[in-house]
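Heads up: the structure comes next, in structure tokens.
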Ligand SMILES: Cc1cc2nc3c(=O)[nH]c(=O)nc-3n(C[C@H](O)[C@H](O)[C@H](O)COP(=O)(O)OP(=O)(O)OC[C@H]3O[C@@H](n4cnc5c(N)ncnc54)[C@H](O)[C@@H]3O)c2cc1C
Ligand code: SF4
């Protein structure tokens, strides 16, 4: 047992890796109210509880796990039983930071678990002056400053990106990429207890989204290391070429499945980056794939994290396209079985069955659909956070409000990520399995994405016509001879499941 003086570190469930632990006693709190307030995916609740309980079981001498109604009650219970001070590491969301402050901890240490610091981001912002905060520029700067994939101050391979090698359409005639099925953790007694606890909570009226299923993602440090090794050994080489492609029977393709262990704080982004770079330097992976992965981690992930803080709380309320439709229940509940349109059916199926899909499904199917149909960005923000196993407030701001739904009027993305069926036909194999035809925009077989794309442009013309990147699209819209019929058709189809 630990002594009764000194400081105990209170860790949130996304601070579970070694870099949050300075060797003293640790406090973990499982707060039931978190799951009462919002309807989370059942598998997400499982991952969080399993991660907490595994962390406690890994080191019972040092870790106290308190199960309570709220975090505040958990802290009070700990304080009643111990004279130790509590400290914490800056939490990853505003509400959590406010709570920690309110509870009067002795020290709140600066954030950990990131590749770059807030100071580095702020210096970059200041240096930009009036220029847009482009991810690509941020990414290049991080690589230069931290000497990642660099040689003599220049990017390895002589260029910053390998889009030409990456972003291929899915291989023709294949149903799966030629990579082994990703490693999957073996559930243990702790998982069985978590499952039982979730069953009890459900019986007591706490609702969850989606289906239960075998645990798919790492929740301990050693599982996270295994997941990383498995990705580097078996999928890294095909990651780059097929990162934007979809084969619907293969939900994971060559993706890393590392967002859960990264977001639980079990892996440090720097170790993922270093290990990937090592593979390239040892000639065990292509530069295009390694660059593609590193771009996701020190480019996108860090950028999105800093933007959450930089853009402020009001950013999450932005709705520049005036989208106020409450998404229908079949969408929010991921009732894939009610949907005929193959791309949306399979994408909602991933959400229902796994609480996971890779980024093209999130962006070009689910967000694209929500944007075309005018779903409220705030409701979608909340949905993505609840329905995905890796959803956290800091990830949502830029990905959902900014990129996915263009609710910031173009601060992040230079044009809305909205597309018709032609994009989905090229980059996925959904359309072969569909009752609709991606080429048709009017009639019984008209693809709801193709028709939805034109109806979106028609409906949002006033708000978007100043965007020069949409000029060609608007010119084409003006030439559509069936435009009125198309708009009327989409009005009639309304928000029923396509
Ligand atoms: C609308 C939308 C919602 C998203 N919601 C989430 C979310 O809730 N949680 C989340 O972690 N990511 C989110 N992403 C980003 C990305 O889709 C996921 O990180 C990725 O699909 C997770 O699967 P993976 O680990 O197999 O990723 P890989 O494709 O293997 O990518 C490697 C890693 O890069 C990081 N990454 C890549 N892109 C992003 C990004 N845009 N933002 C942040 N990290 C990124 C992740 O940590 C990921 O594990 C979202 C993207 C969009 C467009
Ligand atoms: S035809 Fe349209 S609705 Fe069907 S899968 Fe293709 S893009 Fe989706």
>> Nearest 500 deg cm²/dmol is fine: what mean residue ellipticity at 222 nm does the chain get from its DSSP H runs of n ≥ 4 alone, each adding -39,500 (n - 2.57), divided by its residue count?
In response: -12500 deg cm²/dmol
> What ranking of 181, 428 emerges when the number of other C-beta atoms within 10 Å of each C-beta is taken as an exposure proxy, fewest first?
Replying inline: 181, 428
>> What FRET efficiency comes out for residue 338 versus residue 132 if R0 is 41 angstrom and r is the Cβ-Cβ distance? Round to the nearest 0.05.
In response: 0.50
> Ranked by Cβ crowding within 10 angstrom, fewest neighbours first, how are 260, 273, 435 ordered?
Replying inline: 435, 273, 260
> If we count other beta carbons within 10 Å of each Cβ, what is the order of 392, 71, 453, fewest first?
Replying inline: 392, 71, 453
> In units of 2.2 N^0.38 Å, what is the alpha-carbon radius of gyration of the chain?
Replying inline: 1.00
> Once the Cα atoms of the range 224-285 are picked out, what are the Rg and Dmax in Å?
Replying inline: 11.9, 33
> Dividing the convex hull volume of the Cα atoms of the range 7-109 by its residue count, what figure in Å³ per residue is obtained?
Replying inline: 99
>> Using 0.36 nm times the number of residues separating residue 484 and residue 102, minus their current alpha carbon distance, what extension gain do you get?
In response: 131.8 nm
> Which whole-number percentage describes the relative contact order of the chain, with Cα contacts under 8 Å and a sequence gap of 6 or more?
Replying inline: 15
> Computed FRET efficiency, Cβ-Cβ of residue 193 and residue 163, R0 35 Å: what is it to the nearest 0.05?
Replying inline: 0.15
>> I'd like the per residue volume of the convex hull spanned by the Cα atoms of the range 309-434, given in cubic angstrom.
In response: 97
> Any idea how far the Cα center of the range 237-278 sits from the one of the range 314-349, in Å?
Replying inline: 25
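Report the calculated FRET efficiency for residue 475 and residue 109 (r = Cβ-Cβ distance, R0 = 56 Å), to the nearest 0.05.
That pair, residue 475 with residue 109, gives E of 0.50.
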> Just the C-alpha atoms of the range 96-203: what Rg/Rh do they give, with Rh taken as the Kirkwood radius?
Replying inline: 1.13
> If you take every DSSP beta bridge whose two residues both sit in the range 7-109, what share of them, in percent to the nearest 5, is antiparallel?
Replying inline: 0
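Bear in mind that the values in this text are calculations on the coordinates, not laboratory data. Everything numeric here is computed off the predicted structure, so don't read it as measured data. Cβ: placed from backbone, ideal geometry, glycine included. Neighbour counts: every protein chain shown.
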